[in-house]
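Participant: What follows is a single structure, and I will ask about it in a moment.
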Amino acid sequence: MSGYPDGNPKTAAGATKVPLHLVPPSATHYLALAFKDGAAKYGPYNWREKGVSASVYIAAMMRHVDAFRDGEDLSLDAQVRHLAHVMACCAIVLDAA
């Protein structure tokens, strides 16, 4: 038994895929806002066109984490949540890998 009540083989196959339904929509929305800011500044998917120095993105992540830890929710220039910028930096490094 697949653990699903419909017994459909498509359901069993789908259950083995990446569980995107577990990602909170709010996280996806904030991440998209951070990517929108980056696209306006540097161009969409710029890291795919030019490559990535992971240390640059790790340093950016650290700056955003530090600002958040200091009590600042939104980045001053973009008015996007610092933690969304952290997610974007992580996503870029993961995508580049």
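Participant: Quick check on region 18-47: of everything there that is among the hydroxyl-bearing types (Ser, Thr, Tyr) and out of contact with any strand residue (DSSP E or B) (no Cβ under 8 Å at 6 or more places or on another chain), which residue is most open to solvent (accessible area, probe 1.4 Å)? Show your work before the answer.
Facilitator: Pass one, region 18-47, residues among the hydroxyl-bearing types (Ser, Thr, Tyr): 26, 28, 30, 42, 45.
Filter once more, keeping what is out of contact with any strand residue (DSSP E or B) (no Cβ under 8 Å at 6 or more places or on another chain): 26, 28, 42, 45.
Numbers: Ser26: 65, Thr28: 72, Tyr42: 159, Tyr45: 123 Å².
Top of the filtered list is Tyr42.
Participant: For region 10-17, does any single residue satisfy the condition of being without any contact (Cβ under 8 Å) to a residue 12 or more places away in the chain, in a loop (DSSP other than H, G, I, E, B), surrounded by fewer than 11 Cβ atoms within 10 Å (Cβ to Cβ) and over 17 Å from the mean Cα position of the chain (by Cα)?
Facilitator: Among the residues of region 10-17, at least one is without any contact (Cβ under 8 Å) to a residue 12 or more places away in the chain, in a loop (DSSP other than H, G, I, E, B), surrounded by fewer than 11 Cβ atoms within 10 Å (Cβ to Cβ) and over 17 Å from the mean Cα position of the chain (by Cα), which makes the answer yes.
Participant: Would you check which residues across region 78-97 are farther than 19 Å from Trp47 by Cβ and either touching a residue at least 12 places away in the same chain (Cβ under 8 Å) or not in a loop (DSSP other than H, G, I, E, B) (or both) and list them?
Facilitator: Arg81, His82, Leu83
Participant: Based on what the data block shows, is Lys50 within 26 Å of Leu74 (Cα to Cα), open to solvent by 100 Å² or more (accessible area, probe 1.4 Å), charged (D, E, K, R) and out of contact with any His (no Cβ under 7 Å at 6 or more places or on another chain)?
Facilitator: No, not satisfied.
Participant: So Arg63 ticks every box in (1) within 19 Å of Asp95 (Cβ to Cβ); (2) at pLDDT 95 or above; (3) open to solvent by 90 Å² or more (accessible area, probe 1.4 Å) but one. Which box is left unticked?
Facilitator: Here Arg63 meets the rest and fails (1).
The values are calculated or read from the model by the stated rules, or taken from the named source; none is laboratory data. Keep in mind that this is a model prediction, so the values were computed, not measured. When we count neighbours, we look across all protein chains shown, and the Cβ atoms used for this are built from the backbone with ideal geometry, even at glycine. We work out accessible area using only protein heavy atoms, side chains counted, and drop any ligands, DNA or RNA first. Shrake-Rupley method; radii C 1.70, N 1.55, O 1.52, S 1.80 Å.
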